[in-house]
1. Given the criterion open to solvent by 20 Å² or more (accessible area, probe 1.4 Å), free of Cβ contacts under 8 Å to residues at least 24 places away in the same chain and closer than 29 Å to Gly347 by Cβ, identify the matching residue among Ser303, Ser313.
2. Which residues, taken from the stretch 27-47, are basic (Lys, Arg) and over 13 Å from Asp62 (Cα atoms)?
3. How many residues are within 15 Å of the ligand (Cβ to nearest atom) and open to solvent by 40 Å² or more (accessible area, probe 1.4 Å) if we restrict to the stretch 245-264?
4. Which of the residues belonging to the stretch 219-236 are away from the ligand (no atom under 11 Å from the Cβ) and touching an Asp or Glu at 6+ places or on another chain (Cβ under 9 Å)?
5. How do the pairs read when you match residues in the stretch 361-379 that are on the phi < 0 side of the Ramachandran plot and of a type in the set (Lys, Arg) with residues anywhere that are open to solvent by less than 60 Å² (accessible area, probe 1.4 Å) and not in a loop (DSSP other than H, G, I, E, B), using Cβ under 8 Å and keeping only pairs 6 or more apart or on different chains?
6. Would you mention how many residues in the stretch 203-218 are away from the ligand (no atom under 11 Å from the Cβ), surrounded by 15 or more Cβ atoms within 10 Å (Cβ to Cβ) and among the small types (Gly, Ala, Ser)?
7. Where in the stretch 331-445 are there helices (runs of 4 or more DSSP H), lying wholly inside it, with at least 3 residues that are of a type in the set (Asp, Glu)?
Amino acid sequence: MEIDSQRICIIGTGYVGLVTATCFAELGNHVIAVDKDRSKIEKLRDGVCSIYEPGLEELLQDNLKVKRLIFTDDVSYGIKGSQIIFICVGTPPLSDGGTDLSQVEGVSRVIAESINGYKLVVEKSTVPVKTAQWIKRTISLYNGNSQKIDVASNPEFLKEGSAVEDFMHPDRVVIGVESEKAKEMLLDLYKPFNCPILVTDLSTAEIIKHASNSFLAMKISFINMIADLCERTGADIKMVARGMGLDRRIGEEFLDAGIGYGGSCFPKDVKAFTRIAEELKVNFNLLKEVDDINKRRIDSFISRVKEALWVLSGKTVAVLGLSFKPNTDDIREAPSMGIVGRLLEEGARLNLYDPKATDNMKEVFPPCEGRLSYFNSPSWACSGVEAVLILTEWNEFYELDLRKLKKLMKTPIIIDGRNVFNPDDMEGLGFEYYPVGRKSVRNYY
Ligand code: UDX
């Protein structure tokens, strides 16, 4: 194929890489997406998405058809054939909370070996501050300063479940650069976007990413502590959150109390940012507490289940919702993992249901006769159970026929980790209902 110097190369077709590659192609760019996993590349070439993300597969297929998007496992081909290279490889957590940067380092060396002219290397994966400097040093070191390169930081702010929408309509784009050329190239790439574009130095851009995610996680841990206060005083967390959120300085979003945050970003980023602060000798214990509060949500939810059911051993409980949030099949760091594990330890029998995440969950918790079963519908999962637990606020749970559900259950107890229902309605329907930070409904003494 003819090599086009304006082509973009995306290295890593995980969550961030695949969305970035597909959306840049949709915006009219020619994109070479690279991954070392050959079987994944083959599927992607056939238009089969490796992740569930609304709208992504359609865009993938459209852009494959018009050949604006190609997939390869030949990283050198991708590097040689493009001028802007986005690093989107994984940055998994280490056991001490730090970040494993071996994939970023590996890619930097491969770039150094394949380089055939000026390249702008952009880090998109979430990385600790100063990583861009390390990428630059590594590329220069391994190619003996033979080619001029620029390094930039362009963090992603994509939410799972709305990643395509977030990419196409961002609140802001952050570009950390060191040279005028890099700035112009990235401003040109982001020209179609109608949002503030913040141009900063490299470290500032890197810190913006970790600071944003940590702040959002802090908001969630904060509202969860307020929910505990509400439970002990009879106040209502929904109204408290609304009353707080109407202050524009606070904002209404990310004030939903529940069983805590999960996913591939918040838990990891809070720990990584804590570790960075420690290394830089900055006392940021606030972040440690954010993480500790989040872990304690699982304990308080289990206590709640025991408050309703007393002894769990031998009881059959339906668990509705396994993904860490709605509209995704992702169970990484999902509260459901800890909760299901603890319920099994207590000897409960579990009926699990999730619209998308059961296959992933089965890999961690395989079905086990009489202990753990998976169901294809909430009704089947809830038949004959002694309680229903709601762990993810999927839309379909809001629409459940509660009268029918009550008839299916052995005892009408719902423990709702996501405040899906209204306590007054539940009282009217004759359920025992345990929400988070709101009035519980107890009918039996
Ligand atoms: C997050 C950031 O929002 C995104 O900008 C970043 O790029 C990646 O990390 P994501 O992990 O996809 O995105 O999910 P998000 O929608 O932010 O939710 C994270 C977790 O917080 C979920 O488990 C969710 O249930 C929980 N959450 C969110 C709450 O418990 N309460 C809230 O009010 C909001």
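The values are calculated or read from the model by the stated rules, or taken from the named source; none is laboratory data. This is a predicted model, so every value here is computed, not measured. FYI the Cβ positions are ideal-geometry reconstructions off the backbone, even for glycines, and counts take in every protein chain you see. Surface accessibility is based on the protein's heavy atoms, side chains included, excluding ligands, DNA and RNA. Shrake-Rupley method; radii C 1.70, N 1.55, O 1.52, S 1.80 Å.
1. Result: Ser303 is the single residue among Ser303, Ser313 that is open to solvent by 20 Å² or more (accessible area, probe 1.4 Å), free of Cβ contacts under 8 Å to residues at least 24 places away in the same chain and closer than 29 Å to Gly347 by Cβ.
2. Selection gives Lys36, Arg38, Lys40, Lys43.
3. 5
4. To start, the set of residues in the stretch 219-236 that are away from the ligand (no atom under 11 Å from the Cβ) comprises 225-226, 228-236.
Result: Cys230, single match.
5. Final answer for the pair search is Lys362/Tyr374; Arg371/Leu344; Arg371/Leu350.
6. 2
7. 423-429
A quick yes/no check of all residues on (1) of a type outside the set (Ser, Thr, Tyr); (2) more than 16 Å from Glu386 (Cβ to Cβ):
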{"residue": "Ala277", "(1), (2)": "yes, yes"}
{"residue": "Val290", "(1), (2)": "yes, yes"}
{"residue": "Asp299", "(1), (2)": "yes, yes"}
{"residue": "Val305", "(1), (2)": "yes, no"}
{"residue": "Thr316", "(1), (2)": "no, no"}
{"residue": "Ser323", "(1), (2)": "no, yes"}
{"residue": "Glu346", "(1), (2)": "yes, no"}
{"residue": "Phe365", "(1), (2)": "yes, yes"}
